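Shown next, in structure tokens, is the structure this report addresses.
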Number of protein chains: 2
Amino acid sequence: MNLYEKTTNKTSIYEGKIIDLEVHDVELPNGETSSREIVLHNGAVAVCALTPDNKIVLVEQFRKPLDDTMLEIPAGKLEIGEEREEAAMRELEEETGYKAKSLQLITDMYGSPGFTNEKISIYLATELLPGETHLDEDEFIEIHELSINEAQEKLANNEINDAKTIIAIQYLLLNYNHSK
Amino acid sequence: MNLYEKTTNKTSIYEGKIIDLEVHDVELPNGETSSREIVLHNGAVAVCALTPDNKIVLVEQFRKPLDDTMLEIPAGKLEIGEEREEAAMRELEEETGYKAKSLQLITDMYGSPGFTNEKISIYLATELLPGETHLDEDEFIEIHELSINEAQEKLANNEINDAKTIIAIQYLLLNYNHSK
């Protein structure tokens, strides 16, 4: 079956700092029409950084959409023209003060493909070295370092709810022997 | 450190079918001001359904924001006043034709807490029974049933990129002995 939906008309609703909003009229596979609301985002990177003593570095940050703080792996949006790996290295150092000698892609993820094109590339960073923090002027965070066992317990208790962070911790549980 | 950001003014930009958009002026922890773009969503549920022969049920669906199809676990948004477990049972049956005798919460996730409040509750469904599919009129999907090994291989090849689906597959890999 051909599942493609062709855009027949596009309306720009909003152009913002982080996101734009468009509404597309589409032609469905059965020839009928519908509309799709699309939040456009430039893309982001996230970094699962593992310290020499096998702790995962998390940032606690206030998230206005939830009106609460969340525990997340360091992340940020791509700057114009920036490569994803370069952005991952930059965000890690800016938010946590760590540089990484080794960076490898865990996976790319879409958090809400039904309404946004935001793609987050999640990297594993190891062989950490000291660097320098540098936060955006509207960015306030607190750093937490958790053992993999502590992170696993928070997952099991539904206390870590950020998708990229859940994926990163599950990846560590699947790929790192944390009993050592 | 108190990380709270207080809304001092709120502007409604758009009210749509699936999402609304607001822009909040906020007071930052240091007393300065900034603005936050917030995509409001009523919430969603997703179901990791495991067949009696240990296959995971995925749906292939066209996603206009990506202009491509994606492989995802069955999911859908909450209807007004609907309980999350009830919605999970309904979406599973409507999209795949399976009912489940057993449903348990894996985790709640936020895919993009920086700009949206969308919360997705991911359930594990087992003891499946035949039911009846019933798709929304603008919904077109194809069903795929993958062994856990096949799903693991697609994950490793960066071919499954939907966050809730990655979390569900990693959960199975961590909690189910799939060599049996």
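FYI, it's all coordinate maths here, none of it is from the lab. Model, not experiment: these values are computed from the prediction. Quick reminder, even Gly has a Cβ in these numbers, built from the backbone with ideal geometry, and neighbours come from all protein chains shown.
Distances between copies at A:THR133, taken between label points 7 Å from Cα along the C-beta direction, are 5.2 nm in increasing order. Of the GluC sites (Glu not before Pro) in the range A:54-112, the ones in a loop by DSSP (not H, G, I, E or B) with at most 15 other beta carbons within 10 Å are A:GLU79, A:GLU82, A:GLU83.
What you get for the range A:44-175, charging only the Cβ of Lys and Arg (+1) and of Asp and Glu (-1), is a dipole of about 540 debye around the Cα centre. Using only alpha carbons, the range B:54-102 has a radius of gyration to Kirkwood radius ratio (Rg to Rh) of 1.02.
Available extension along the chain between A:LYS6 and A:THR33 is 8.8 nm, counting 0.36 nm per residue and deducting the alpha carbon span. Relative to the longest principal axis of the Cα atoms of chain B, helix B:163-175 runs at roughly 50 degrees.
When only alpha carbons of the range A:44-129 are considered, Rg and Dmax amount to 13.1, 40 Å. Here's how it looks for A:THR116: its modeled amide H is under 5 Å from those of A:VAL39, which are all 5 or more places away or on a different chain. For A:ASP20, inter-copy separations between label points set 7 Å beyond Cα along the Cβ vector come to 2.5 nm, shortest first. Rounding to the nearest 20 debye, state how big the charge dipole of the protein assembly as shown is about its Cα centre with +1 on each Lys and Arg Cβ and -1 on each Asp and Glu Cβ. The calculated dipole for the protein assembly as shown is roughly 940 debye.
For chain A, the C-alpha radius of gyration divided by 2.2 N^0.38 Å, with N the number of residues, is 1.18. Normalising the average separation of contacting C-alpha pairs (under 8 angstrom, six or more residues apart) by the number of residues puts the relative contact order of the range B:82-180 at 25 percent.
Peptide A:36-42 shows a mean partner chain C-beta count of 5 within 10 Å per residue C-beta. With its label point defined 7 Å out from Cα along the Cα-to-Cβ axis, A:SER102 lies at 3.9 nm from the matching points of the other copies, in increasing order.
Relative contact order for chain A: 21 percent, from Cα pairs under 8 Å spaced at least 6 residues apart, divided by residue count.
With a simple spin-label model that places each label point 7 Å from the Cα along the Cα-to-Cβ direction, the separation between A:GLU86 and B:VAL23 comes to 2.9 nm. Taking only the C-alpha atoms of the protein assembly as shown, Rg followed by Dmax gives 20.2, 59 Å. Quick one: angle between helix B:84-96 and the longest Cα principal axis of chain B, in degrees between 0 and 90, rounded to 10, please. Tilt relative to chain B: about 50 degrees.
The residue in chain A that lies nearest, by its beta carbon, to the axis linking chain A with chain B is given here with the distance in whole angstrom as A:GLY111, 1.
Taking only the Cα atoms of the range B:27-74, the radius of gyration and Dmax are 19.1, 58 Å.
Per residue of chain B, the DSSP helices (runs of n ≥ 4 H) give a summed -39500 (n - 2.57) that works out to -6000 deg cm²/dmol at 222 nm.
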